[in-house]
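First up is the structure itself, then whatever we jot down about it.
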Amino acid sequence: MIENRPWLNLFAHLALILGVAIVALPIWITFVAASHEAARMMQAPIPMLPGGHFWENLRATLFGEGLSGAETAPVWRMLLNSLVMALGIAAGKIAISIISAFAIVYFKFPFRMAFFWMIFITLMLPVEVRILPTYEVVSDLGLLNSYWGLTVPLIASATATFMFRQVFLTIPDEMLESARIDGAGPLRFFWDILLPLSRTNIAALFVILFIYGWNQYLWPLLITTDRDMSTVMISIKQMLEAAEQSPQWNIIMMTALLAMLPPVAVVIAMQKLFVKGLTETDK
Amino acid sequence: MAGIKLENLIKSYGDTRILHGIDADIADGEMIVVVGPSGCGKSTLLRMVAGLEAVTAGRILIGERVVNDLEPSQRDIAMVFQNYALYPHMTVRQNMAYGLKIRGMSRAEIARRVDEAADILELRPYLDRKPRQLSGGQRQRVAMGRAIVRHPQVFLFDEPLSNLDAKLRVQMRLEIRKLQRRLGVTSIYVTHDQVEAMTLGDRLMVLNKGVVEQFGSPIELYERPASVFVAGFIGSPAMNFLPVRVEGDAAILPNGARLPAPARAAGEATLGARPEHLTPDEAGPVAVEVEVLEQLGAATLVHGRLEGTQHEMTVQLDGVRAPEAGRIMRFAPGQLHLFDAASGKRLAD
Amino acid sequence: MLKRVHFPASPLPYLLVAPQVLITLVFFIWPASQALWQSFLIEDAFGLSTEFVWFENFEALFHDSQYLASFWRTLVFSGAVAFLSMSFALALAAFADHVGRGAGTYRTLLIWPYAVAPVLAGALWLFMFNPTLGILPYLLEMVGYEWNHHLNGTQAMLLVILAAAWKQVAYNFLFYLAAMQSIPRSVIEAAAIDGAGPVRRFFSIVFPLISPTTFFLLVINAVYAFFDTFGIIHAVTQGGPANATTTLVYKVFNDGFVGLDLGGSAAQSVILMALVIALTAVQFRFVEKRVEY
């Protein structure tokens with residue numbers, strides 16, 4: 001603040017509070033809807049204040065048979081699938097990216113640049129532009145309706161590889177020379193020096209990739225047909241379809257709340273890492 | 001313990017030759033300082049001895065062993081880097097122990113060696129700290145400690161003091177010298193600082209554009225520089241150079257003054273006179289028009305031009321003097337050096 | 001790109017890049033080349049024979065009024081999402097930058113929608129705009145406006161735009177605030193001494209200085225609106241009513257997976273690929289250049 005203008009500060013705070021309210025409104029309505037009985041949620045106008053059935057709805061949603069009319073597995077099962085998928089994608093992307101960045105930065109070998117560009121190309125080929133043929137490959141490999149199919153095809157990552165490459169390039173050359181004089185081979189250097197030095201970058205990347213994996217939609221939609229393998233994002237869509245016939249908004253909104261809880265909690269709890277990850281992966 | 005031998009050592013990157021055949025015989029326990037301006041190839045030379053750069057041609061021997069194709073870790077050397085290259089995520093103790101641990105040394109022996117090094121370097125209180133919690137001088141000492149614990153045959157120093165402030169640099173310079181004497185380990189020390197080179201080295205190797213200009217003791221280099229380059233590089237303030245014409249026993253300065261020629265020559269040559277070897281003398285042949293004075297307390301530096309010419313000259317006078325600007329001062333020359341005008345080589349006395 | 005020093009040659013680097021390269025080949029490059037190949041083929045109705053037809057699939061697409069319509073629709077949709085979320089985020093970031101010390105708190109309160117999946121954002125807004133139950137149609141009705149996005153294409157479009165923009169505000173806010181906070185205080189103070197008030201300073205100093213961020217966000221938001229909003233559209237409108245919200249990506253999915261038009265869908269994929277490549281090129285060519293503050 002350069003000059004002291006109380007009315008301007010007040011106005012700024014009011015505008016920000018209004019902005020926060022607008023952004024938070026959908027979540028509030030979701031929370032309210034998740035805390036009322038099904039019957040109350042069928043009369044317009046819907047309530048704006050929370051009701052007393054939150055825990056009851058929570059139990060029904062998590063362990064009940066889901067929504068009547070929607071062929072979905074219990075929500076806990078789908079949350080578990082989402083968790084496995086998110087963790088698998090995050091860990092897989094980090095693991096294969098960090099070792100390829102290590103190879104590309106610290107070794108000089110034939111076809112090095114060819115590999116680099118091959119990885120770069122993945123940046124230009126999101127699932128959306130190669131839907132059918134990728135589905136066919138996964139289907140031919142027998143990976144439909146499996147955790148492998150949900151994770152492995154998504155774990156190639158140009159951005160993660162670039163980020164680690166950037167991190168390694170900022171580590172002074174003398175660190176490698178010193179390690180060589182100390183007698184450390186490549187794998188030992190990677191494990192003892194590089195990995196500990198990239199710790200915060202790994203954590204930041206993990207936060208971003210966890211959210212990315214958790215929120216996947218198109219991919220699980222393509223390759224899961226078995227209701228036991230479906231993720232919570234897919235179930236939301238199925239519930240919305242069922243809601244056309246028998247609206248049970250309290251259960252749907254409770255499911256939505258459960259589905260957004262893990263990534264939102266990660267963002268708020270690890271805000272620093274989240275911001276670091278976001279700004280570093282997008283350059 | 002072992003000496004080091006360099007035989008016609010050559011380094012090229014593609015078509016660019018960085019080192020043009022370096023020969024050196026370094027005795028066991030000797031401390032050699034390789035000195036030269038940046039880009040002269042001195043760091044490359046050191047890194048070749050360390051095994052961090054491949055040898056294009058020639059041989060490196062440590063003791064009786066040709067080490068050209070050995071990995072750095074197999075050469076029995078230790079190196080101190082300019083930026084110390086301490087592992088930032090390890091404590092001082094872990095930093096020092098890392099190399100020993102990789103070699104599979106027993107825990108007890110590692111602990112004994114680390115403690116021993118910590119005592120020598122007075123690092124005991126800092127053993128469990130991380131590098132970032134240490135001052136510059138302490139980090140420098142940890143880098144030294146990491147070298148000492150290995151009990152290597154050779155120490156290699158790559159400008160280890162250039163990241164320190166001036167005062168600490170002088171102090172650490174003395175410590176390194178004492179330590180090297182005490183441990184008696186053959187050492188190669190690279191620097192661009194000629195004062196550091198003069199004070200540390202048993203012998204100095206002056207490198208210029210990948211060629212050894214001169215290799216000898218500090219006093220030899222000071223008193224009998226082999227070339228204009230060495231003469232200008234060693235000594236502070238730098239030597240004065242004047243173009244002269246030699247006729248018989250006399251060297252004739254550009255303003256016509258005659259000095260006794262310090263060496264036999266004929267025709268054009270370069271005359272060198274150190275600022276501290278010119279003494280005020282009312283009857284002296286060298287006349288300088290005073291322009292600027294620098295008062296250093298113990299000495300006074302007089303900057304000016306050779307009378308009647310544009311040739312700049314510097315003279316160092318003892319104590320506090322205050323000649324006025326614009327005045328002409330006359331000096332008698334003490335020790336003089338004569339170099340070939342074309343090649344810059346020293347002409348025989 | 002490369003270190004000055006390396007480890008000596010060995011087969012190790014090949015083993016290290018192998019997993020990534022293998023996955024890239026199997027799940028990226030092979031399917032993409034399949035799409036490219038199929039875009040030149042026409043399959044008969046029973047999938048028994050295929051014929052190589054050069055660019056006929058592409059020609060058909062560019063004569064297909066529905067496809068062209070979805071192309072323009074996608075541009076309008078992306079432009080609206082980018083403009084809405086960026087301007088809202090810019091205003092909030094400017095206020096947050098102004099209040100200084102409290103900015104961190106507001107940041108926490110504003111960035112979490114980033115973590116909400118697009119399909120969930122769609123579900124939330126769908127519920128708020130539910131024609132019979134939703135709170136907003138209820139309010140709109142009071143002022144005499146009837147809302148039913150099941151029937152009204154414009155309203156359906158507006159709904160998906162709102163849901164998509166809402167989620168992206170967090171991202172834009174974060175980058176705008178960071179850009180504003182990285183402007184040296186002395187520049188702002190100099191402008192204040194020159195007599196510029198807060199509003200004038202924003203438009204003549206701050207906004208021009210953060211223009212690289214604006215450009216960067218424009219590219220990022222375009223990519224987001226093109227590709228990442230599939231979940232919203234699939235969950236909220238299924239491209240309807242009467243294709244009013246069918247974007248390019250939704251159309252590829254629908255024609256390929258639901259309509260099983262192999263050649264046509266492949267040709268659409270190839271066009272999308274070209275678009276991503278262009279956007280990536282723009283991002284790498286221009287966005288890397290940051291002005292010096």
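The values are calculated or read from the model by the stated rules, or taken from the named source; none is laboratory data. In this text the structure is predicted, and so the values were computed from the model without any measurement. Cβ: placed from backbone, ideal geometry, glycine included. Neighbour counts: every protein chain shown. Side chains are part of the model used for accessible areas, which takes the heavy atoms of the whole protein and leaves out ligands, DNA and RNA. Shrake-Rupley method; radii C 1.70, N 1.55, O 1.52, S 1.80 Å.
Summary table
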{"quantity": "Residue-normalised accessible area of chain B, given per residue in Å² at a 1.4 Å probe", "calculated": "44"}
{"quantity": "Over the stretch B:4-72, relative contact order from alpha-carbon pairs under 8 Å, at least 6 apart, %", "calculated": "37"}
{"quantity": "Per-residue ³J(HN,Hα) for the stretch C:138-147, Karplus 6.51 cos²θ - 1.76 cosθ + 1.60, θ = phi - 60°, Hz, x for Gly and Pro", "calculated": "4, 5, 5, 5, 4, 8, x, 10, 9, 10"}
{"quantity": "Carbon plus sulfur fraction of accessible area for the stretch B:279-333, probe 1.4 Å, in percent", "calculated": "48"}
{"quantity": "Calculated FRET value between B:Q335 and B:D69, using beta carbons and R₀ = 45 Å, to 0.05", "calculated": "0.40"}
{"quantity": "Neighbour net charge for C:Q66 - beta-carbon separation under 13 angstrom, K R +1, D E -1", "calculated": "-1"}
{"quantity": "Net charge of neighbours whose Cβ lies under 13 Å from the Cβ of B:E213, counting Lys and Arg as +1 and Asp and Glu as -1", "calculated": "+4"}
{"quantity": "Positive-pole candidate from C:V199, C:L218, C:L159, dipole of the stretch C:53-289, charges at beta carbon", "calculated": "C:V199"}
{"quantity": "Nearest-ten-degree value, helix B:166-183 long axis tilted from longest Cα axis of chain B", "calculated": "60"}
{"quantity": "In sequence order, calculated HN-Hα J values of the stretch B:320-326 (Karplus, 6.51, -1.76, 1.60; Hz; x Gly/Pro)", "calculated": "8, 10, 9, x, 7, 5, x"}
{"quantity": "Rounded to 10°, Cα long-axis angle of helix B:136-148 versus longest principal axis of chain B", "calculated": "60"}
{"quantity": "Two-site FRET efficiency, C:A278 against A:L187, from Cβ-Cβ distance with R₀ of 35 Å, rounded to 0.05", "calculated": "0.30"}
{"quantity": "Surface accessible to a 1.4 Å probe, A:K108 within the full protein complex, Å²", "calculated": "140"}
{"quantity": "Between the stretch C:188-237 and the stretch A:222-283, the alpha-carbon center distance in angstrom", "calculated": "27"}
{"quantity": "Per residue accessible area of the stretch A:75-279, 1.4 Å probe, in Å²", "calculated": "33"}
{"quantity": "Which of C:F253, B:F215 is most accessible, then next, and so on - probe 1.4 Å", "calculated": "B:F215, C:F253"}
{"quantity": "Of A:K276/B:K11; B:K130/B:K209; A:K276/B:K167; C:K167/C:K251; B:K101/B:K167, pairs whose Cα-Cα distance is over 32 Å", "calculated": "A:K276/B:K11; B:K130/B:K209; A:K276/B:K167; B:K101/B:K167"}
{"quantity": "Accessible area that becomes buried as A packs against C, both chains, 1.4 Å probe, Å², nearest 100", "calculated": "10000"}
{"quantity": "Accessible-area ranking of B:Y87, C:Y106, C:Y114, largest first, probe 1.4 Å", "calculated": "C:Y114, C:Y106, B:Y87"}
{"quantity": "Gaussian network model of chain A, springs between alpha carbon atoms under 10 Å - residue of A:P262, A:P126, A:P172 with greatest fluctuation", "calculated": "A:P172"}
{"quantity": "Span-like helix ranges in chain A, DSSP H, alpha carbon extent 24 angstrom or more, Kyte mean at least 1.0", "calculated": "A:6-33, A:75-106, A:249-269"}
{"quantity": "Ranking by accessible area, most exposed first, for B:R129, B:R305, B:R112 with a 1.4 Å probe", "calculated": "B:R112, B:R129, B:R305"}
{"quantity": "Distant-in-sequence amide H partners of B:E53 (H built 1.01 Å from N, under 5 Å)", "calculated": "B:M48"}
{"quantity": "Dipole magnitude of the protein assembly as shown, debye to nearest 20 (Cβ charges: Lys/Arg +1, Asp/Glu -1, about Cα centre)", "calculated": "1940"}
{"quantity": "Cβ-defined net charge surrounding C:T245, 14 Å radius [Lys, Arg +1; Asp, Glu -1]", "calculated": "+2"}
{"quantity": "Euclidean distance between Cα centres, the stretch A:89-143 to the stretch B:23-89, Å", "calculated": "40"}
{"quantity": "Accessible surface, the stretch C:53-289, averaged per residue in Å² (probe 1.4 Å)", "calculated": "40"}
{"quantity": "5 angstrom amide H check on B:A299, placed H, neighbours 5+ away", "calculated": "B:G319"}
{"quantity": "Of C:H149, C:H63, C:H234, the one that fluctuates the most in a GNM where chain C has Cα springs shorter than 10 Å", "calculated": "C:H63"}
{"quantity": "Label-point gap, in nm, between B:D202 and A:S146 - each point 7 angstrom along Cα→Cβ", "calculated": "6.9"}
{"quantity": "Dipole magnitude (debye, nearest 20) for chain A, charges at Cβ of Lys, Arg, Asp, Glu", "calculated": "520"}
{"quantity": "Nearest-10 value in Å² for the accessible area of A:S157, using the 1.4 Å probe", "calculated": "10"}
{"quantity": "Taking the stretch A:40-173 and dividing mean pair separation by its residue count, relative contact order in percent (alpha carbons under 8 Å, at least six apart)", "calculated": "31"}
{"quantity": "B:I252/B:K209 FRET efficiency (R0 30 Å; Cβ-Cβ; nearest 0.05)", "calculated": "0.40"}
{"quantity": "Spin-label zone in the stretch A:142-165 - amide nitrogen under 19 Å from a point set 7 Å from the Cα of A:D228 along the C-beta vector", "calculated": "A:142-151"}
{"quantity": "Carbon and sulfur %, accessible surface of chain A computed with the full protein complex present, 1.4 Å", "calculated": "67"}
{"quantity": "Cα gyration tensor shape of the stretch A:6-63, rounded if a/c is under 1.5, else prolate or oblate by comparing a/b with b/c", "calculated": "prolate"}
{"quantity": "Length added when fully stretched, B:I328-B:V292, from 0.36 nm per residue minus Cα-Cα", "calculated": "11.7 nm"}
{"quantity": "Fraction of accessible area attributable to carbon and sulfur, the stretch B:107-236 (%, probe 1.4 Å)", "calculated": "49"}
